[in-house]
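Got a structure for you, written out below as structure tokens; questions coming shortly.
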Amino acid sequence: MTDVIELNEIEVLDDADALYEHLRLVVDKGQEPLRIDRYMTEKLQHSTRNRIQKAADAGFIHVNDRPVKSNYKVKPLDVITLMLDRPRHDTSILPEDIPLDIVYEDGSLMVINKPAGMVVHPGVGNFTGTLVNAVAWHMRDVKEFDPNDPEVGLVHRIDKDTSGLIVVAKTPDAKSDLGVQFFNKTTRRTYQALVWGNVTGENGRIEGNISRDPKDRLRMTVLPPDSELGKPAVTHYRVLERFGYTTLVECRLETGRTHQIRAHMRHIGHPLFADERYGGMEILRGNRSSSYKAFVQNCLKLCGRQALHAQTLGFRHPVTREEMDFSVPMPDDMLLMIEKWRAFIKGYEYKNMEL
């Protein structure tokens with residue numbers, strides 16, 4: 001079941017037969033009375049409270065087969081259903097002839113260099129054109145591979161606008177073994193990122209629980225390591241190159257949480273360059289001269305997505321037990337943008353001797 005409610009044009013329908021079930025939740029036995037809009041916001045990570053309230057006001061949220069308003073207080077064993085005026089989208093993964101940059105492949109797995117802009121898995125707003133659709137096409141003649149079988153396929157994920165390495169399992173045994181390696185933190189992953197600001201020191205460690213931001217459900221926030229909320233997360237970073245107002249860093253993941261690098265770097269005051277979700281599209285460092293603003297805008301035109309690239313990936317092969325390490329170069333959009341920063345800082349240093 002999807003956990004995203006999308007309601008663009010809501011109409012209250014008199015004909016109950018025209019509603020289709022999209023989601024079903026059964027309230028726990030020990031649940032304390034709680035407004036249904038709050039309850040569903042906590043359960044559905046990608047849906048806002050405002051959107052849920054609109055759905056309730058439109059008669060789309062039912063409890064025990066009867067529509068309720070957003071102030072209804074849930075009780076133990078209540079059956080909550082989301083009833084919309086359209087059938088559920090078929091989320092079956094269909095093969096699509098989409099080119100793949102395959103770095104390595106054998107009978108057990110594939111390592112793919114994903115381009116920025118490609119979603120890895122179908123979801124609301126992106127039911128086609130994803131990485132798994134492309135994998136399904138690539139594997140279309142292998143009868144044993146079912147792209148809709150959760151026991152094969154993606155072992156981990158990277159964001160739509162992050163480029164770089166991702167591993168796909170072809171067999172259940174391979175996915176199980178690789179999944180254990182990711183869980184036990186024995187895999188090796190490094191990312192290259194351009195962040196705002198002149199990072200203090202040459203390296204560092206960021207530790208803080210990653211949790212959904214209550215103010216923006218599409219963004220993650222960082223909480224203290226001893227917090228009972230969120231999931232523990234650790235990111236190590238080291239400086240690769242400095243450009244005065246921005247810094248190129250390498251990030252090594254000790255854990256793999258949603259938006260981990262993006263949230264952690266913002267937490268220490270260095271959002272990723274061009275990361276709109278975390279404030280990186282703003283000019284966060286430097287003067288406000290027209291020439292500097294034009295320079296930053298030109299950089300954003302070259303790389304209009306978070307400047308983050310999954311450069312290396314290492315793991316133990318699930319069959320041969322060989323340690324395998326892969327690396328792919330930074331894509332052109334990030335390379336060209338970094339070259340502009342490199343040229344900018346050289347010109348600035350020549351004119352001003354120092355920043």
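I'd like the residue in region 207-224 that is modelled with pLDDT of 90 or more and open to solvent by 50 Å² or more (accessible area, probe 1.4 Å) and, out of all such residues, is farthest from the chain's Cα centre (by Cα).
Restricting to residues being modelled with pLDDT of 90 or more and open to solvent by 50 Å² or more (accessible area, probe 1.4 Å), the top hit is P224.
If you don't mind, there's one more thing I want to ask. Examine region 118-136 for a residue that is closer than 17 Å to T255 by Cα, touching a residue at least 60 places away in the same chain (Cβ under 8 Å) and part of a loop (DSSP other than H, G, I, E, B), and state whether such a residue exists.
Taking every residue of region 118-136 in turn, none turns out to be closer than 17 Å to T255 by Cα, touching a residue at least 60 places away in the same chain (Cβ under 8 Å) and part of a loop (DSSP other than H, G, I, E, B).
Evaluate the following for V103: is it open to solvent by 10 Å² or more (accessible area, probe 1.4 Å), over 30 Å from L44 (Cα atoms), of a type in the set (A, V, I, L, M) and not in a loop (DSSP other than H, G, I, E, B)?
Details: open to solvent by 10 Å² or more (accessible area, probe 1.4 Å): yes; over 30 Å from L44 (Cα atoms): yes; of a type in the set (A, V, I, L, M): yes; not in a loop (DSSP other than H, G, I, E, B): yes.
Yes, satisfied.
While we're here: Tell me which residues, restricted to region 17-29, are open to solvent by less than 70 Å² (accessible area, probe 1.4 Å) and either in contact with a strand residue (DSSP E or B) (Cβ under 9 Å, 6 or more places away or on another chain) or modelled with pLDDT of 85 or more (or both).
Step one: of region 17-29, the residues open to solvent by less than 70 Å² (accessible area, probe 1.4 Å) are 18-19, 21-23, 25, 27.
Matches in region 17-29: L19, E21, H22, L23, L25, V27.
Would you point out the residue of region 30-57, among those that are at pLDDT below 85 and open to solvent by less than 10 Å² (accessible area, probe 1.4 Å), that is nearest to L229 (Cα to Cα)?
Here the answer is L44.
Tell me, please, whether a residue that is in a loop (DSSP other than H, G, I, E, B) and either of a type in the set (A, V, I, L, M) or surrounded by 21 or more Cβ atoms within 10 Å (Cβ to Cβ) (or both) can be found in region 175-193.
The answer is no, given that none of the residues of region 175-193 is in a loop (DSSP other than H, G, I, E, B) and either of a type in the set (A, V, I, L, M) or surrounded by 21 or more Cβ atoms within 10 Å (Cβ to Cβ) (or both).
Can V199 be described as of a type outside the set (K, R), assigned to a strand (DSSP E or B) and either open to solvent by 50 Å² or more (accessible area, probe 1.4 Å) or modelled with pLDDT of 95 or more (or both)?
no
Now, a different point. Among residues belonging to region 58-73 that are more than 31 Å from the chain's Cα centre (by Cα) and on the phi < 0 side of the Ramachandran plot, point out the one that is most open to solvent (accessible area, probe 1.4 Å).
So, considering only residues that are more than 31 Å from the chain's Cα centre (by Cα) and on the phi < 0 side of the Ramachandran plot, the one most open to solvent (accessible area, probe 1.4 Å) is R66.
Could you name every one of the helices (runs of 4 or more DSSP H) located completely within region 242-355 that has at least 1 residues being open to solvent by 30 Å² or more (accessible area, probe 1.4 Å) and closer than 27 Å to K185 by Cβ?
It comes to 260-267.
OK, next. Identify all residues within region 138-174 that are farther than 30 Å from M334 by Cβ and not in a loop (DSSP other than H, G, I, E, B); write none if there are none.
The answer is P172, D173, A174.
The values are calculated or read from the model by the stated rules, or taken from the named source; none is laboratory data. Just so we're clear, the structure is a prediction, and the values are computed from it rather than from any experiment. In this analysis, Cβ positions are derived from the backbone assuming ideal geometry, glycine residues included, and neighbour counts consider all displayed protein chains. Accessible surface is based on the protein model in full, side chains and every heavy atom, while ligands, DNA and RNA are left aside. Shrake-Rupley method; radii C 1.70, N 1.55, O 1.52, S 1.80 Å.
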